[in-house]
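All remarks here apply to the structure that follows.
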Amino acid sequence: MEEKLTLSPLSFAFVGDAYMSLVIRRMLLEKGDMPVNKFHKASVKYVSADAQAAVHDALLEGNFLSEEEQEVMHRGKNHAHPTGRGANYASYKRATGLESLLGWLYMTGKTERADEIIRFGVEYVEGSK
């Protein structure tokens, strides 16, 4: 398991993006069936870079994260990376930080904590819209 801790922040973000998408999609499916294009549109509300950036900020403002989690998210945010499609650079960096944290939690076997953070994000996004 120790090898997983040496992955780059962008590798953790790669995994975190996939994990968050899967959790969000499952959540939407559990709410009931709908056409696939509506599922996609509904998921974007939670997984867009702008939404993830807002959740990143709310996690920090609310002291929801441990120091170690904050450090992992900070490294992901500050790691050099290309910009995303459609989000400004600052939002993309913060979204990458959140994805890095989720990927790190997943890769270190802390999926319950990752799920807790995703639930926080869902509640935050639903409350801010």
Practice task
Could you grab the pairs with beta carbons closer than 6 Å, sequence gap of 6+ or different chains, first residue in segment 78-103 and under 17 Å from residue 21 (Cα atoms) and of a type in the set (Phe, Trp, Tyr), second one part of a loop (DSSP other than H, G, I, E, B) and at pLDDT below 85?
Solution key: 92/83; 92/84
Exercise for the section: Kindly indicate whether residue 57 is within 17 Å of residue 114 (Cβ to Cβ), acidic (Asp, Glu) and at pLDDT 95 or above. Expected result: no
Handout entry: Criterion (among the aromatic types (Phe, Trp, Tyr) and under 22 Å from residue 89 (Cβ atoms)) met by exactly one of 39, 12
Key = 12
Handout entry: Of all residues making up segment 13-33, the number that are in contact with a Ser or Thr (Cβ under 8 Å, 6 or more places away or on another chain) and aliphatic (A, V, I, L, M)
Key = 3
Fill in the blank from the handout: Restricting attention to segment 22-49, the residues that are part of a helix (DSSP H, G or I) and either in contact with a Pro (Cβ under 7 Å, 6 or more places away or on another chain) or exposed (fewer than 14 other Cβ atoms within 10 Å of the Cβ) (or both) number exactly 10
Exercise for the section: Could you tell me whether any residue of segment 79-102 is hydroxyl-bearing (Ser, Thr, Tyr), at pLDDT 95 or above, in contact with a helix residue (DSSP H, G or I) (Cβ under 7 Å, 6 or more places away or on another chain) and part of a helix (DSSP H, G or I)? Expected result: yes
Problem - Filter result (touching a residue at least 24 places away in the same chain (Cβ under 8 Å) and in a helix (DSSP H, G or I)) within segment 51-66 - result: 51, 52, 53, 54, 55, 56, 57, 58, 59
Fill in the blank from the handout: Condition set in contact (Cβ under 8 Å) with a residue 60 or more places away in the chain and among the hydroxyl-bearing types (Ser, Thr, Tyr), scope segment 8-21, selection surrounded by the most Cβ atoms within 10 Å (Cβ to Cβ): answer is 19
Practice task
Report, by residue number, each residue of segment 100-124 that is surrounded by 15 or more Cβ atoms within 10 Å (Cβ to Cβ) and over 25 Å from residue 79 (Cα atoms).
Solution key: 122, 124
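The values are calculated or read from the model by the stated rules, or taken from the named source; none is laboratory data. Source: prediction; values computed, not measured. Virtual Cβ from ideal backbone geometry, glycine too; neighbours counted across all protein chains shown.
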